[in-house]
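Okay, structure first, notes after.
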Amino acid sequence: MPRAIVTGADGFVGSYLVKELVEHDYEVLAVDLPPKPNRLVPQKGLQYLQFSVDNPSFLENYRGFDVLFHLAWAGSSGPARADESVQLGNALTSARLLRAAAKNGIKRFVMAGSIMEFETYDVIYEDGSKPGSGYIYGAGKAIAHEILKPIANSLGIDLVYGYITNAYGVGERSPRFLNSTLIKLIGGEVPEFTSGIQNYDFIYVSDVAKAFRFIAERGLPGYGYMIGSGQAKPLREFVTEIFEEIVPSEKPRFGDVPYTGAMTPLRTFDTSLLRGLGFIPEVSFKEGIRRTYEWLKNQK
């Protein structure tokens, strides 16, 4: 039976990953901050540990694990996303955890990266660009990557990356784009959008969890795998699909809100490496949107 440690295990993506691993006969140590998990369900093969990854000493008591999935990341949404102390702290914490994992015999370290790493470089190194403070999150992710890779090589531990494009689905409570749009539609409001020409991809959270398992089991050390649906396109096309599925009598209003962010090229969203591992998403965008919409309608 393979044995895995998951940090950030009681979070949105982390809880789905734990479920995916347990269902595929993993023994899982789930690590997170709450005294009792809010999302995780007690089940055979799952042990929960309340601990902060800021102090990776907990690994000394949990030897014999094969892989560590590092999803814990403070300030992934909200004001802390623009706090450089928080984001740089995340990078240093990740480095300490990687060193502790290697010291305690863990063979493989799977890191949750973000497509924001690529967007941040595109914006930051473009002369005359004016990036918003939200890119500090992307910079933290990129800095973590830049220090983790040489550390892993020097210690002889496999480092494999999964870059999440945009995860969504049942259980997500943060005010990100899809949630905000669906909540407005639930309230009878027709949201205003930018022109929607910026490229995007969305992938349902259970498929994100499945992708991380594939990356851990089949991914090559030193490689990064883009986790997406493989159907990236301009945001306006996704918005149109949302309206067709949820409020077919309404039409989205594009162009009323100016867009000032990065124009990420479609090639950045390429999922061919992940598909090469045998990964195929199971939940279509419209199905995922319908599930999320119905769940949000029942939230207080």
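The values are calculated or read from the model by the stated rules, or taken from the named source; none is laboratory data. Just so it is clear, the structure is predicted and the values come from calculations on it, not from any experiment. Don't worry about glycine lacking a Cβ; one is built from the backbone with ideal geometry, like all the others, and counts go over all protein chains shown. Side chains are part of the model used for accessible areas, which takes the heavy atoms of the whole protein and leaves out ligands, DNA and RNA. Shrake-Rupley method; radii C 1.70, N 1.55, O 1.52, S 1.80 Å.
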**OP:** Among the candidates S180, S206, S229, single out the residue that is in a loop (DSSP other than H, G, I, E, B) and either hydroxyl-bearing (S, T, Y) or open to solvent by 20 Å² or more (accessible area, probe 1.4 Å) (or both).
**Re:** S229
Original post:
Which members of region 243-289 meet the condition of being exposed (fewer than 15 other Cβ atoms within 10 Å of the Cβ), modelled with pLDDT of 95 or more and among the β-branched types (V, I, T)?
Top reply: I280
**OP:** Out of the residues in region 72-95 that are of a type in the set (G, A, S) and in a helix (DSSP H, G or I), state the one that is surrounded by the most Cβ atoms within 10 Å (Cβ to Cβ).
**Re:** S94
**OP:** Could you pull out the residue among I115, I124 that is of a type in the set (V, I, T), over 19 Å from T7 (Cα atoms) and open to solvent by less than 30 Å² (accessible area, probe 1.4 Å)?
**Re:** I115
Original post:
Out of region 115-131, which residues are more than 22 Å from Y225 (Cα to Cα) and either outside any helix (DSSP H, G or I) or at pLDDT 90 or above (or both)?
Top reply: Y125, E126, D127, G128, S129, K130, P131
Original post:
Filtering region 209-226 down to residues that are crowded, with 22+ Cβ neighbours inside 10 Å and within 21 Å of F118 (Cα to Cα), which residue is farthest from the chain's Cα centre (by Cα)?
Top reply: G219
**OP:** Among what's in region 125-177 and is under 15 Å from the mean Cα position of the chain (by Cα) and of a type in the set (S, T, Y), pick the residue that is farthest from E294 (Cα to Cα).
**Re:** Y161
